[in-house]
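Taken together, the values in this text are just the output of simple stated rules run on the coordinates, not laboratory data. Small disclaimer: the values here were computed from a predicted structure and weren't measured. Methodologically, a virtual Cβ is constructed for each residue, glycine included, from the backbone with ideal geometry; neighbour enumeration extends over all protein chains shown.
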């Protein structure tokens, strides 16, 4: 049986997820979360000092950032880059992520400190994974030496951000199924060593 504090922690997270998705982060008060979870506000504040901290943990769970992310090292550099760009942790929570995303964007735009904390939490793991792949590619001779890692990350992630957020969310169009392959092939055309793809 799980300790009571762990059970309370989980109940609060579940209640917060539902209320954030239903009402938005702004409108879901700590009182409402306490009532919905059956956990006292005093106990909630023992686990999280404020609602923003709770919201960041909720989002980390929804986006799979509280789990160990996979490392792609199959020996095929192109395939590893494509797999990294296609990586979607916690696919079983995708529907909830989609539901909470408009509330998250609105809240992050009004609360700049929270928005910065969320972007750092959400973007950094993927950014570091791609940076590590680029360094590995240089070390193994698949990529040219001396690549500006941030330029490489921008070239790889830029099409993903455009496809998934601007094309899909803003314009309501379908993101091309093979966008990751096009992005990786363009990156390799720019930085790959001639005749080396693996």
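Return the tail of the calculated pair distribution for region 77-191, meaning the percent of Cα-Cα pairs more than 17 Å apart. Walk me through the numbers on the way to the answer.
Numbers: 4050 of 6555 pairs.
The proportion of pairs with Cα distances above 17 Å equals 62 percent.
Computed from the C-beta positions of residue 46 and residue 136 and an R0 of 41 Å, the FRET efficiency is 0.45 to the nearest 0.05.
First obtain the Kirkwood hydrodynamic radius of the chain from its Cα pairs, then insert it into the Stokes-Einstein equation at 25 °C and 0.890 mPa s, and state the resulting D in µm² per second as a whole number. Show your work: numbers first, answer last.
Values: Rh = 18.9 Å.
It comes out at roughly 130 µm²/s.
In the chain, Cα pairs under 8 Å separated by at least six residues give a relative contact order of 21 percent. Largest first, the three principal axis extents of the alpha carbons in region 30-89 are 52, 17, 17 Å in whole numbers. Over region 4-62, the alpha carbon radius of gyration divided by the compact-protein estimate 2.2 N^0.38 Å works out to 0.96. Extension gain, residue 95 to residue 23: 0.36 nm times the residue separation minus the Cα-Cα distance gives 24.3 nm.
Only helical runs count toward this figure. For the chain, summing -39,500 (n - 2.57) over DSSP H runs of n ≥ 4 and dividing by all residues gives -21000 deg cm²/dmol at 222 nm.
Our estimate of slack between residue 173 and residue 76, defined as 0.36 nm per intervening residue step minus the Cα-Cα distance, is 31.8 nm. The alpha carbon centroids of region 144-167 and region 79-111 are separated by 17 Å. Modelled spin labels at residue 150 and residue 112, positioned 7 Å past Cα toward Cβ, are 2.0 nm from each other.
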